[in-house]
Amino acid sequence: MTRSLNDKLITLAGRALVIAILLFVLLPTIVVFISSFSNTSVLFFPPKGWSLRWFERAVNYDDFRHGFCSGLIVTAWASTLAVIIGATLAIAIERYSFPCKQVLEGVLLSPLFIPHFTIGLGLLMLVSQLGIGRGYPLVIFCHIVLVLPFVLRSVYVSLKNLEQRIELAAASLGASPLRVVWTITVPLILPGLFGGWLFAAILSFNEFTASLFITTQATQTLPVAMYNYVREFADPTLAALSVIYIAVTATMLIIANKFLGLGKILNVEAGH
């Protein structure tokens with residue numbers, strides 16, 4: 001009887017702890033969500049009145065619109081090129097042996113532990129010394145470097161789950177290594193490729209720290225535009241933009257989970 005009561009108390013305490021952690025994590029989002037509907041021109045919580053005018057300003061503000069378009073350009077190029085480069089390198093590292101393979105893998109994964117502001121500052125100093133302009137190619141290159149480790153990880157998982165005997169069977173029938181990769185390996189790891197692209201796109205679109213150093217007014221992404229805005233204004237526009245951003249991201253994830261399954265996208269199945 002006592003043991004059963006203790007088990008119930010432990011279960012209740014565990015659930016209460018989980019709820020408390022969730023509330024703690026979600027509290028800033030809840031505050032931002034409520035504040036975005038304020039009718040005052042200064043960010044204030046709780047709001048004294050309610051209005052939707054800050055959502056209209058967030059959508060129509062020129063710097064945000066330009067930053068959104070710039071972010072889409074950078075994200076599309078960076079995530080796509082990162083998948084192509086990352087898949088090629090991951091297959092080479094996972095399937096073949098060559099000198100300095102571990103060194104190459106370490107260099108490719110180094111952005112995971114090197115602070116992003118260090119990478120951004122280093123690129124800024126490098127292009128300044130070389131006299132290279134801070135245009136879209138530089139921003140795209142920087143984002144590729146930052147998201148490449150996540151693409152590599154996604155492709156690695158797919159390659160680990162791939163039955164290598166299929167590739168060996170194709171090779172034994174006379175297929176060249178390039179044809180084996182193109183006709184066997186790539187089609188079978190498509191979930192991992194899409195998962196890598198999705199991760200790269202999300203991370204690239206949200207990248208701020210390194211982008212702050214290498215973007216200009218013409219190439220600034222949305223996070224940089226938001227940072228520049230908050231330096232000059234203290235109204236709830238950023239709160240409204242954050243709500244829009246969260247709603248759009250959540251909708252995309254729900255659609256992806258509905259039609260593709262997040263387990264398939266990430267190449268992770270329940271029970272494995």
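What follows draws every value from the coordinates through simple rules; no lab data is involved. In this text, all values refer to a predicted model and were calculated from it rather than measured experimentally. Note: ideal-geometry Cβ built from the backbone for every residue, glycine included; neighbour counts use all protein chains shown.
Across the stretch 45-62, computed HN-Hα scalar couplings (Karplus, 6.51 cos²θ - 1.76 cosθ + 1.60, θ = phi - 60°) run 9, x, x, 7, x, 10, 7, 9, 5, 6, 5, 5, 5, 4, 6, 9, 5, 4 Hz from first to last residue, x flagging Gly and Pro.
Between Arg231, Arg65, Arg153, the Gaussian network model of the chain with springs among Cα atoms under 10 angstrom shows the greatest mean-square fluctuation at Arg231. In Å, the Kirkwood hydrodynamic radius of the stretch 1-158 over pairs of distinct alpha carbons? Computed over the stretch 1-158, the radius equals 20.8 Å.
Dividing the radius of gyration of the alpha carbons in the stretch 110-264 by their Kirkwood radius gives 1.09 for Rg/Rh.
Calculated on the alpha-carbon coordinates, the convex hull of the chain measures out at 208 cubic angstrom per residue. Considering only Ala247, Ala20, Ala170, the mean-square fluctuation computed in a Gaussian network model of the chain, springs between alpha carbons under 10 angstrom, is largest for Ala20. If you run the Gaussian network model on the chain, springs between alpha carbon atoms under 10 Å, then out of Ala78, Ala171, Ala90 the most flexible one is Ala171. Free of any GluC sites (Glu not before Pro) that DSSP assigns to a loop and that have at most 11 other C-beta atoms within 10 Å, the longest stretch within the chain is 1-162. Basic side chains Lys and Arg get +1 at the Cβ, acidic Asp and Glu get -1 at the Cβ, and with that the dipole of the chain about its Cα centre reaches some 440 debye. Computed on the Cα trace of the stretch 86-182, the radius of gyration divided by the Kirkwood hydrodynamic radius gives Rg/Rh = 1.11. Amide H contacts for Ser38 (H built 1.01 Å from N in the peptide plane; partners 5 or more residues away or on another chain; cut-off under 5 Å): Ser51.
Beyond 15 Å, what percent of the Cα pairs of the stretch 120-163 remain?
Summing the P(r) tail past 15 Å for the stretch 120-163 gives 56 percent.
With the Cα gyration tensor of the stretch 69-124 giving a ≥ b ≥ c as the square roots of its eigenvalues, does the rule (a/c under 1.5 for rounded; else a/b larger than b/c for prolate; else oblate) give rounded, prolate or oblate? Verdict is oblate for the stretch 69-124.
For the stretch 1-88, take N as its residue count and report Rg(C-alpha) divided by 2.2 N^0.38 Å. It would help to have the intermediate numbers written out before the result.
Values: Rg = 23.0 Å, N = 88, 2.2 N^0.38 = 12.1 Å.
It is 1.91.
Per residue, the chain reaches -24000 deg cm²/dmol at 222 nm when only DSSP H runs of four or more residues are counted, each adding -39500 (n - 2.57).
Scaled to the globular estimate 2.2 N^0.38 Å, the Cα spread of the stretch 202-249, given as radius of gyration, is 1.17.
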